[in-house]
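Before any comments, here is the structure.
The values are calculated or read from the model by the stated rules, or taken from the named source; none is laboratory data. Predicted model only: the values in this text are computed from it and were never measured. Cβ atoms come from the backbone with ideal geometry, glycine included; neighbour counts cover every protein chain shown. Remember, those area values only see protein heavy atoms, side chains included, never the ligands or the DNA or RNA. Shrake-Rupley method; radii C 1.70, N 1.55, O 1.52, S 1.80 Å.
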Amino acid sequence: MQTEVIQTTSQQEAGTRKGAEIIRNGGLVAFPTETVYGLGANGFDQDAVLSIFEAKGRPADNPLILHICKKNEVRKIWRRIPENAMILMDTFWPGPLTIILQKTDLVPDAVTAGLDTVAVRMPSDKTARSLIAKSGVPIAAPSANLSGRPSPTTAEHVLQDMNGRIPLILDGGPCRYGVESTVLSLASRTPMILRPGAMTKEMLESVIGPVDVAESILNPMKEGEVAASPGMKYKHYAPSAEVIVVVGHPRAAADKILELYAEAEADGKNVQIAATEETKRYYSNRNFAVLGERKHPETMCAALFQTLRELDSSADLILAEGIPPEEFGLAYMNRLLRAAGFHIVYA
Ligand code: TXA
Ligand code: MG
């Protein structure tokens, strides 16, 4: 299959019209969102949804998110809409917040991997909204990477993983946030964040009160534990190079990274450092890339997946700086720790 790429910055109308036609006919279209690129299909068409799992090589027990462009579409998707869901939708939609509630019978089992709850979000990206509107159905979409690879934040990343597997990629340029949406379950008694993102615990609590954070966000699952979110049990976001996360104050972290660098280099390994603005001066003459500023976790999130993909092509080992897991920094640490298989060193 030939994969066509259409720039929606210049050809928004033509691109989304063609994309919507493919979606309505049961096909797959990759499209930009404000978080990461999605791989979309008609969310009410069981066979179309199953073909997403095939194209990605995604385990069948990992459920998908339905993407909508008008808030009242949730009435077809969720059985009951509690007050706190209304408040969250009014405050944070469109935007990077996914909400989980009990599903109606209209939602095919393939979307939810057999669960009786379903995840929904309303993206803010213009191309995404136009594609959903023209398709006339909710679009089921996971991130548009091969399963286990870092999520794509540019159309080029999607092409690396999906070339020849899907007919169309809509290219809207780099994604603003660079990490996936916050996933919040309202199906449990206390709302619980299953995956952290740009809409932080603090932001959610400011409108609906106490919110729990799933323990698995910063910790590997224990043997025999049942995942609140099936996605959390898989190795994720992982480049093929080994990744080690180094945590500590800037100077201490840099010293530890230099020590690990020297050891690995002596073993003949090709090492790359993922640094921050605050520490880059310590790494002269070594291979390093700057992710962003510790003080501004959003810059770290925006660059993370792109940097992992870039360094992966030239490294056996990536030494990446950790930051405090606070506010949006929690999303950065959640993705980085998974990419590293939770290999963490404290400086
Ligand atoms: O930002 C995003 O959310 C991106 C863009 C494309 O919208 N999408 C995305 O989808 O990240 P995906 O499939 O890569 O991640 C969906 C996550 C998975 O961890 C999945 O296990 C969880 O949401 N999830 C979906 N439905 C669920 C449900 N009913 N119960 C618990 N977890 C669910
Ligand atoms: Mg994903």
Discussion item. I'd like to check which strands (runs of 3 or more DSSP E) are fully inside segment 253-347 and have at least 1 residues that are acidic (Asp, Glu).
Written reply: 317-321
Fill in: Matching residues in segment 154-197 - criterion: being open to solvent by 10 Å² or more (accessible area, probe 1.4 Å), modelled with pLDDT of 95 or more and among the polar types (S, T, N, Q)
THR154, GLN160, ASN163, SER185, THR190
Worksheet item: Any residue at all in segment 221-238 that is modelled with pLDDT of 95 or more and crowded, with 18+ Cβ neighbours inside 10 Å?
Response: no
Worksheet item: Taking segment 59-75 on its own, how many of its residues are surrounded by fewer than 19 Cβ atoms within 10 Å (Cβ to Cβ), assigned to a helix (DSSP H, G or I) and in contact (Cβ under 8 Å) with a residue 12 or more places away in the chain?
Response: 2
Response to the item:
If we keep only residues of segment 104-148 that are in a loop (DSSP other than H, G, I, E, B), among the charged types (D, E, K, R) and within 11 Å of ligand 1 (Cβ to nearest atom), then the residue farthest from the chain's Cα centre (by Cα) is ASP116
